[in-house]
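The structure appears right after this line, and notes come after that.
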Amino acid sequence: MPPQRGLPALASPALESLREHLLVHAVRRGDFVLKSGKSSSWFVDAKQTVCRPDAMLLVAEAILDLVPADTTAIGGLTMGADPVAFVTAAVASMSGRPLKAFSVRKEAKDHGGGGRIAGALDPGDRVAVTEDAVTRGTSLLEAARAVRAAGAEPVVLVALVDRGGTVAAMAAEEGLPFRAVLTAPDLGFPFEGG
């Protein structure tokens, strides 16, 4: 599929299809207040793509392309990371690449097993911390800290969409690489600047 008029060409037909899906199902124009409190003329509800069966495989394969081969687990802060992590782990297992999946709770549970981690994460795991869409990257960094506290090692931060353009610098301050499948400019918008 050729890129939409005015949008940069992407590296593969699969990424073009993923971008088109996001533009049709997830990108909204209007007046929005972001998590940071800033106003924006556009918003991306990436779950509208990640959670639709016609895009799940596209999302998982795009995320897997950015995850180091020696990664053993994928997850992040609930709810933004959950569908990305779970669909990616499922698709990875189908191709012989076992990845555990987990969620980081927003608050530690004080009953049952307790803690902030829900799902399969073990001490020593090499972790891809993920999120559906990021502006500043605070959720990715919070999840990476929780992963470290659980005795695992975050090795990469991965987002489906980077709308802010500042996450890589923040992640580098904590010694972590950041990768995004698509960016705000890929979708036809300027970076929000976090």
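Bear in mind that the values in this text are calculations on the coordinates, not laboratory data. Nothing here was measured: the structure is a model prediction, and the numbers come from that model. When we count neighbours, we look across all protein chains shown, and the Cβ atoms used for this are built from the backbone with ideal geometry, even at glycine.
Values as computed for the structure displayed
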quantity	calculated
SER17 paired with GLU153, simple spin-label distance in nm, labels 7 Å along Cα-to-beta-carbon	3.6 nm
Order by protection proxy (mean Cβ within 10 Å, highest first), peptides 32-43, 166-177, 62-73	62-73, 166-177, 32-43
Förster radius 25 Å - calculated FRET efficiency between ARG97 and LYS35, Cβ distance, rounded to 0.05	0.20
Cα point-scatterer Debye curve for region 56-186, base-10 log of I(q)/I(0) at q = 0.12, 0.14 Å⁻¹	-0.39, -0.53
Helix 82-94 axis, angle to the chain major axis (alpha carbon atoms, nearest 10°)	80 degrees
FRET efficiency for GLU142 and THR183, using Cβ-Cβ distance with R0 set to 35 Å, rounded to 0.05	0.95
Spatial separation of Cα centroids for region 99-165 and region 63-79, in angstrom	10 Å
Region 56-186: relative contact order in percent, alpha carbon pairs under 8 Å with at least 6 residues between	24 percent
Degrees, to the nearest 10: 138-149 long Cα axis against longest axis of the chain	20 degrees
Only Lys, Arg (+1) and Asp, Glu (-1) charged, at Cβ; region 56-186 dipole about Cα centre in debye	220 debye
Fewest-first ranking of ILE117, ILE74, using other Cβ atoms within 10 Å as the exposure measure	ILE117, ILE74
Among beta bridges that DSSP assigns inside region 56-186, antiparallel share in %, nearest 5	15 percent
